[in-house]
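Colleague: Sending over a structure as structure tokens; questions will come in a sec.
The values are calculated or read from the model by the stated rules, or taken from the named source; none is laboratory data. Every value quoted in this text rests on a predicted model; they were computed, and no experiment measured them. With ideal geometry, Cβ positions are generated from the backbone for all residues, glycine too; neighbour counts draw on all protein chains shown. Ligands, DNA and RNA are excluded from the accessible area calculation, which covers all protein heavy atoms including side chains. Shrake-Rupley method; radii C 1.70, N 1.55, O 1.52, S 1.80 Å.
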Amino acid sequence: MSLDMKGNEIIPCEHSHLSACSDGMFLYGATAEDGWSTVYGFLDKKGNVVVKAEYYDADDYSDGLALVKKRDENYNYHYAFLNKKGEIAIAFDSYERMEPFSNGLAAVSIEKDKKSLWGYINTKGEIVIAPTYGHAYPFSDNVAIVGKGNNEFVIDTKGEVVFVPEKDMNFIEEKFSEGLMPVAKGKELSVKCG
């Protein structure tokens, strides 16, 4: 159920899942045709169905786009982004894997020489930071943690290295928040400023 700030019911309690409103849309879940799985779709602020619940998984809208996932009969996942009209904005299987948008960029992976390499795309689906990383986390505070081999470092939205942690320093979280990041240095916990 969703209420407005005066306590009026806006969206009735008829969904198996309802997230908080994000980018003007609610992610909702419904029981799939098999009777036990949950499929996901999106409602607008008035509770109108914008995207029918048909996706195996979905993430909240961010930067005007929502990541949705379908699963085929072989249990392979296929990723796409929807715009707020429910139209496919970045097609299924454009990339091997995709993560939700943050700071206008989304981490995506491609397969190269039987390895997954991660980079970032913009909201048009264009690669803006080349897929060269073994892993790539979402951007926050306009920086992201990426890794190559056993080394992690922080890059900005242009792909430039902001800093490389000291040898005995490990990130505890996957992103900065309000310019800060908890890290472990040796056996001690500290906070790194962005």
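Colleague: I'd like to check something: does segment 113-130 contain any residue that is at pLDDT below 95, more than 30 Å from Val50 (Cα to Cα) and touching a Gly at 6+ places or on another chain (Cβ under 9 Å)?
Modeller: Yes, that holds for at least one residue.
Colleague: Oh, and also: Would you mind telling me which numbered condition in (1) surrounded by 12 or more Cβ atoms within 10 Å (Cβ to Cβ); (2) at pLDDT below 90; (3) over 21 Å from Tyr95 (Cβ atoms) Tyr77 fails?
Modeller: Among (1) surrounded by 12 or more Cβ atoms within 10 Å (Cβ to Cβ); (2) at pLDDT below 90; (3) over 21 Å from Tyr95 (Cβ atoms), the lone unmet condition for Tyr77 is (3).
Colleague: Could you pull out the residue among Gly7, Gly29, Gly47, Gly41 that is crowded, with 16+ Cβ neighbours inside 10 Å and either touching a Lys or Arg at 6+ places or on another chain (Cβ under 6 Å) or at pLDDT below 85 (or both)?
Modeller: Gly41 is the lone residue from the list that is crowded, with 16+ Cβ neighbours inside 10 Å and either touching a Lys or Arg at 6+ places or on another chain (Cβ under 6 Å) or at pLDDT below 85 (or both).
Colleague: What number of residues within segment 42-78 satisfy the criterion of being within 14 Å of Cys21 (Cβ to Cβ) and in a strand (DSSP E or B)?
Modeller: 5
Colleague: Same structure, new question: Identify the residue in segment 51-64 that is open to solvent by less than 50 Å² (accessible area, probe 1.4 Å) and touching a Phe, Trp or Tyr at 6+ places or on another chain (Cβ under 6 Å) and, among all such residues, is nearest to Lys85 (Cα to Cα).
Modeller: Within segment 51-64, the match that is nearest to Lys85 (Cα to Cα) is Val51.
Colleague: Something else now. Of everything in segment 144-177, what is of a type in the set (Val, Ile, Thr), open to solvent by 70 Å² or more (accessible area, probe 1.4 Å), modelled with pLDDT of 75 or more and not in a strand (DSSP E or B)? Give them in sequence order.
Modeller: Correct list: Val164 only.
Colleague: I'm trying to understand the selection: among the residues of segment 85-104, which are surrounded by 15 or more Cβ atoms within 10 Å (Cβ to Cβ), within 22 Å of Val49 (Cα to Cα) and not hydrophobic (A, V, I, L, M, F, W, C)?
Modeller: Passing the criteria: Gly86, Pro100.
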